[in-house]
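Asks: Encoded as structure tokens, here's the structure I'll be asking about.
Any read-out appearing in this document is the output of simple, stated calculations on the displayed coordinates, not a laboratory observation. As the structure is a computational prediction, the values presented were derived from the model and not from experiment. Note that we place each Cβ from the backbone using ideal geometry, even for glycine, and neighbour counts take in every protein chain shown.
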Amino acid sequence: MFSQWFWAERRKKRRLKRARITQLENSIAEVWKRELRNAKTPEDQDVAYQVADAQTRYDQNELDSLRQEKLRGDAMKMGVVIPREYYENDEWPMKRTLSYEGEAWTRRELRKMWIADIKALTEIIVPILALLVALVSVLRK
């Protein structure tokens, strides 16, 4: 009974997270379209880029944070400590998010840890399987 409730809660949280991500993406795209719609000259476009960036900075930060949540959680589970240099934001109202290099580094480290786990597992399983095959061949004779 409780396990069904647990999975239902997790599904609900994932659904709300996906809905929030979609909402943020749509609002950011709408602001950028609105600001760039009337910019005709290169100077107007530069101003429009700056205005749109300023208006969407917090939403973009929240979107990045939501997208990186699983990656940072996986890194924490595997014991990977992400160096401070790979974070983008340390300002108070903004959430700490990884830079592009930080995301790539974290994914690379997680992949290395996963490969190391697989190698360790195969070093244990292969000799056991060899022993089983040897026992089966001896018993067949």
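Asks: Need the C-alpha centroid separation for segment 59-100 versus segment 1-37, integer Å.
Replies: Using only Cα atoms to place each centre, the spacing works out to 18 Å.
Asks: Do the alpha carbons of any pairs in 12/119; 12/77; 33/95; 95/119; 33/77; 17/40 sit beyond 30 Å of each other, and which pairs?
Replies: Among 12/119; 12/77; 33/95; 95/119; 33/77; 17/40, the Cα-Cα distance tops 30 Å for 12/119; 95/119; 33/77; 17/40.
Asks: Using a basic spin-label model with each label point 7 Å from the Cα along Cα→Cβ, how many nm lie between residue 29 and residue 41?
Replies: 3.2
Asks: Students often get this wrong: which residues of segment 16-46 have the backbone nitrogen under 16 Å from the point 7 angstrom along Cα-to-C-beta of residue 55?
Replies: Backbone N within reach: 24-40, 44-46.
Asks: Give me, ordered by chain and number, the residues 5 or more places off residue 87 or on other chains with an amide H under 5 Å from its own placed amide H.
Replies: Close amide H contacts, sequence-distant or interchain: 99.
Asks: Pick the calculated Cα extents along the principal axes in Å for this structure from [x] 87, 41, 30; [y] 39, 32, 28; [z] 47, 28, 21?
Replies: Label [x] holds the value from this structure.
Asks: If I take every Cα pair under 8 Å that is 6 or more residues apart in the chain, average their sequence separation and divide by the length, what percent do I get for the relative contact order?
Replies: In percent, rounded to a whole number, it is 16.
Asks: With springs only between Cα atoms under 10 Å, which of 80, 31, 126 fluctuates most in a Gaussian network model of the chain?
Replies: Maximum among the listed residues: 126.
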